[in-house]
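Only one structure is covered here, and it is reproduced in the block below.
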Amino acid sequence: MGMIPHLLEFQEKYEEAGLVILALSGEGEALLEGFAAQQGITYPIGFGDRSGGAYGVSGIPDSYLVGADGTVVYQGHPSGINRGMLEAELAKVRFFPVLPEGFEAVMKAGERFDYAKAMKELDKILKKSEDEAEIATAEETKAYIAEKGAEGLARVEALAAEGDYFKGVEVLEELSDKFDGLETGDTADDMLKAWKKDKEIKAQIQAGEMYAAGVYARSHRDPKTAAAAFAKAIKKAPEGSVIRAQAEAALEALQGGGR
């Protein structure tokens with residue numbers, strides 16, 4: 001349990017760079033749901049896992065760091081994973097397809113998540129090119145960008161269905177920035193405006209900001225500030241909302257001596 005703040009710190013710092021944290025436990029779903037809420041865990045947890053033997057796990061906690069190429073670069077206690085190891089592997093991560101010569105401007109924009117700029121560069125190529133292979137690559141890349149936008153909006157819909165509007169707003173703001181001027185960006189902007197006009201959703205978003213402040217304070221070993229932030233989130237969040245349940249569980253854990 002003492003390693004959870006360590007992992008949450010890594011997630012906060014490196015998630016956008018491509019880090020994915022996945023926890024596995026042999027415990028049941030109900031127990032883990034409560035534990036995750038109390039500890040402020042936001043990375044996914046697989047429950048009822050029995051694969052420890054197959055992976056050679058001899059003690060708990062145990063961890064694996066899988067590199068960008070799919071190979072295991074570290075196995076051992078989570079405390080052995082440091083920033084240098086993560087940054088070395090994350091430097092190998094690619095968020096955009098590797099494209100042939102002539103597509104350098106497209107790749108540069110894509111690696112910066114500036115999909116609007118990438119689309120403009122692709123349109124330039126399509127306008128002037130007569131090479132069938134080049135045209136096919138440009139069309140495939142445009143389809144890839146459109147698919148990324150659709151995936152982002154689908155994630156927002158899923159979060160809304162779960163009642164997690166705070167996280168949904170984070171994703172919408174990312175989409176608005178990355179797809180600025182494109183259909184996906186316009187859709188994200190419209191959804192943000194509509195959500196922020198809805199009093200109940202707006203209250204959940206504000207409560208989510210308070211909850212996030214509490215998680216940050218708790219991860220930096222400041223339980224007094226964390227408790228105050230969680231209490232504010234509970235007061236602000238509507239009855240029955242996801243964020244209120246998370247804040248209540250987190251505050252209860254603090255008051256019970258958890259961190």
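Quick note: the coordinates plus some simple rules give every number you see, no bench work behind them. Remember, predicted model here, so these are calculated numbers, not experimental data. Quick reminder, even Gly has a Cβ in these numbers, built from the backbone with ideal geometry, and neighbours come from all protein chains shown.
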Q. What share of Cα pairs, in percent, lie more than 11 angstrom apart in the range 210-255?
A. 56 percent
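Over the chain, what is the mean sequence separation of C-alpha contacts under 8 Å (at least six apart), divided by residue count, expressed as relative contact order in percent?
On the way: 290 pairs, mean separation 39.6, N = 259.
Reported relative contact order: 15 percent.
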Q: Find the relative contact order for the range 83-186 and round it to a whole percent, using C-alpha pairs within less than 8 Å whose residues are 6+ positions apart.
A: 22 percent
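By count of other Cβ within 10 Å, fewest leading, how are Ser129, Ser79, Ser63 ordered?
The order, fewest Cβ neighbours first, is Ser79, Ser129, Ser63.
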Q. When only Cα pairs under 8 Å and 6 or more residues apart are kept, what is the percent relative contact order across the range 210-255?
A. 34 percent
Q. For the range 147-259, what is Rg from Cα atoms divided by 2.2 N^0.38 Å, rounded to two decimals?
A. 1.17
Q.
Cut-off is 10 Å between beta-carbons; in what order do Met85, Met119 appear when sorted fewest neighbours first?
A. Met85, Met119
Q. If the limit is 22 Å between Cα atoms, which of Lys178/Lys235; Lys202/Lys235; Lys13/Lys117; Lys202/Lys224; Lys148/Lys196 go over it?
A. Lys178/Lys235; Lys13/Lys117; Lys202/Lys224; Lys148/Lys196
Q: Measure of size requested: the Rg and Dmax of the range 65-210, with Cα atoms as the atom set and Å as the unit; please supply both.
A: 19.2, 56
Q: Obtain the radius of gyration and the Kirkwood radius of the range 4-90 from its C-alpha atoms and give Rg over Rh.
A: 0.95
Q: Would you please put 172-181, 97-106 in order of how densely packed they are, using the mean number of other Cβ atoms within 10 angstrom per residue and starting with the highest?
A: 172-181, 97-106
Q | Modelled FRET efficiency - R0 41 Å, Glu174 with Asp62, Cβ distances, 0.05 increments | A | 0.80
**Q.** At most 16 other Cβ within 10 Å, DSSP loop - trypsin sites (Lys or Arg not before Pro), the range 20-106
**A.** Arg50, Lys92, Arg94
**Q.** Isotropic mean projected area of the C-alpha convex hull, the chain (nm²)
**A.** 16.1 nm²
Q. Among Pro78, Pro44, Pro223, which one moves the most in a GNM of the chain with springs linking Cα atoms closer than 10 Å?
A. Pro44
**Q.** Proximal aspartates and glutamates to Lys199, defined as alpha-carbon separation beneath 20 angstrom and excluding residues fewer than eight positions away on the same chain
**A.** Glu157, Glu162, Asp164, Glu170, Glu173, Asp189, Asp190, Glu209, Glu239
